[in-house]
Amino acid sequence: KLFLLGLKLADKIICQTKEQQTQLNKKFKAKSFVIPSGYPIKSSRKNKTKKQGILWVARAEEWKMPNLFIELAKKIPEEKFTMICPPAENCPKYFDLIKAKAEKVKNLIFITQVPFRNIDAYFAKAKVFISTSLSEGFPNTFIQAAKNKTPIISFKVNPDKIIDKYQIGFCAEGDERQMIILLKELLKSNQLWRRLATNAYNYARQCHDIKNTVRQYQKLFEREKDRSAENNA
């Protein structure tokens with residue numbers, strides 16, 4: 001109720017995606033603006049880390065489907081998989097279950113938690129980032145992967161169809177078998193991987209550079225300030 005009250009009382013509502021804006025406009029028409037999440041984007045020339053392995057980063061919650069990543073590692077034993085999976089406060093037993101399963105897989109490294117200041121190194125090193133969530137708003141992990149030239153393979157999440165629009169990876173549309181096929185195809189073709197990696201970096205720079213995001217907020221605040229001054233005149 002407090003959240004809904006906040007939406008009603010807000011002068012403007014910032015959305016991360018057009019899909020979110022469409023949902024908001026059903027009840028809060030003309031109040032919302034789309035401003036993407038912003039990150040510092042380094043020059044692509046500075047990222048010379050050798051790429052290897054497949055990365056998964058998320059909390060241990062059932063709707064994020066960590067078990068699917070574990071099964072993926074089992075089915076491609078020749079590749080190295082890394083799973084960064086902190087526990088969720090609302091389901092600690094599920095974390096114990098996932099941790100026990102992951103530690104039985106030889107080609108899978110399970111890491112309980114990585115401080116945010118250190119997480120970028122894992123995205124920089126990974127050859128592919130995997131998302132197995134059933135739903136998300138806009139995952140920060142997508143930006144972290146893209147800005148580090150790491151193509152994305154998503155089980156189902158594809159906000160505003162960015163994966164297809166910018167060709168930064170593949171979405172399996174909820175098909176587990178298709179996700180395995182897509183990952184194998186990407187790992188097999190260096191040419192395909194390089195193209196998607198370059199596209200991913202260009203997408204991050206074009207859409208999520210924090211310098212551009214800040215400018216969008218500044219323009220919005222300035223417009224609201226001018227409007228408020230006119231109303232009070």
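The values are calculated or read from the model by the stated rules, or taken from the named source; none is laboratory data. Since we're looking at a predicted model, the values are computed, not measured. Please note: Cβ atoms are built from the backbone with ideal geometry, for glycine as well, and neighbour counts cover all protein chains shown. Areas reflect the complete protein model, heavy atoms only, side chains present, ligands, DNA and RNA absent. Shrake-Rupley method; radii C 1.70, N 1.55, O 1.52, S 1.80 Å.
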Revision key, fill the gap. The number of residues in segment 162-180 that are closer than 20 Å to N67 by Cβ, open to solvent by less than 50 Å² (accessible area, probe 1.4 Å) and part of a helix (DSSP H, G or I) is 2
Review point. Is it true that some residue in segment 188-199 is out of contact with any strand residue (DSSP E or B) (no Cβ under 7 Å at 6 or more places or on another chain), open to solvent by less than 30 Å² (accessible area, probe 1.4 Å) and either closer than 23 Å to I35 by Cα or not in a loop (DSSP other than H, G, I, E, B) (or both)?
Key: yes
Revision key, fill the gap. Within segment 113-130, of all residues that are open to solvent by 30 Å² or more (accessible area, probe 1.4 Å) and either in contact with a helix residue (DSSP H, G or I) (Cβ under 6 Å, 6 or more places away or on another chain) or assigned to a loop (DSSP other than H, G, I, E, B) (or both), the one nearest to R59 (Cα to Cα) is Q113
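For segment 71-87, which positions are open to solvent by less than 20 Å² (accessible area, probe 1.4 Å) and either more than 16 Å from Q178 (Cα to Cα) or within 17 Å of the chain's Cα centre (by Cα) (or both)?
Start the filter on segment 71-87 by keeping residues that are open to solvent by less than 20 Å² (accessible area, probe 1.4 Å), which leaves 72-73, 76, 81, 83-85.
Selection gives F81, M83, I84, C85.
Taking the options F69, F81, F110, name whichever one is aromatic (F, W, Y) and out of contact with any helix residue (DSSP H, G or I) (no Cβ under 6 Å at 6 or more places or on another chain). Steps first, answer last, please.
Values: F81 fails: out of contact with any helix residue (DSSP H, G or I) (no Cβ under 6 Å at 6 or more places or on another chain); F110 fails: out of contact with any helix residue (DSSP H, G or I) (no Cβ under 6 Å at 6 or more places or on another chain).
Residue meeting the stated conditions: F69.
Within segment 9-60, can you find the residues that are among the aliphatic types (A, V, I, L, M), exposed (fewer than 13 other Cβ atoms within 10 Å of the Cβ) and in contact (Cβ under 8 Å) with a residue 12 or more places away in the chain? First the steps, then the outcome.
Here is the first cut: in segment 9-60, the residues among the aliphatic types (A, V, I, L, M) are 9-10, 13-14, 24, 30, 34-35, 41, 54-55, 57-58, 60.
With exposed (fewer than 13 other Cβ atoms within 10 Å of the Cβ) added as a condition, the list becomes 9-10, 30.
The answer is A10, and nothing else.
Only residues that are touching a residue at least 40 places away in the same chain (Cβ under 8 Å) and either β-branched (V, I, T) or not in a loop (DSSP other than H, G, I, E, B) (or both): list them for segment 140-161, please. So that I can check it myself, show each step before the final result.
Taking segment 140-161 and keeping what is touching a residue at least 40 places away in the same chain (Cβ under 8 Å), we get 140-141, 143-152, 155, 159-160.
Passing the criteria: N140, T141, I143, Q144, A145, A146, T150, I152, P159, D160.
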Exercise for review: Kindly indicate whether any position in segment 203-210 is in contact (Cβ under 8 Å) with a residue 60 or more places away in the chain, in contact with a strand residue (DSSP E or B) (Cβ under 8 Å, 6 or more places away or on another chain) and of a type in the set (D, E, K, R).
Suggested key: yes
Exercise for review: Could you tell me which numbered condition K27 fails, if it satisfies all but one of (1) charged (D, E, K, R); (2) farther than 30 Å from N107 by Cβ; (3) in contact with a strand residue (DSSP E or B) (Cβ under 9 Å, 6 or more places away or on another chain)?
Suggested key: (3)
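In the set P139, P159, which member is under 25 Å from R117 (Cα atoms) and surrounded by 16 or more Cβ atoms within 10 Å (Cβ to Cβ)? Walk me through it before giving the result.
Values: P159 fails: under 25 Å from R117 (Cα atoms).
Result of the check over P139, P159: P139.
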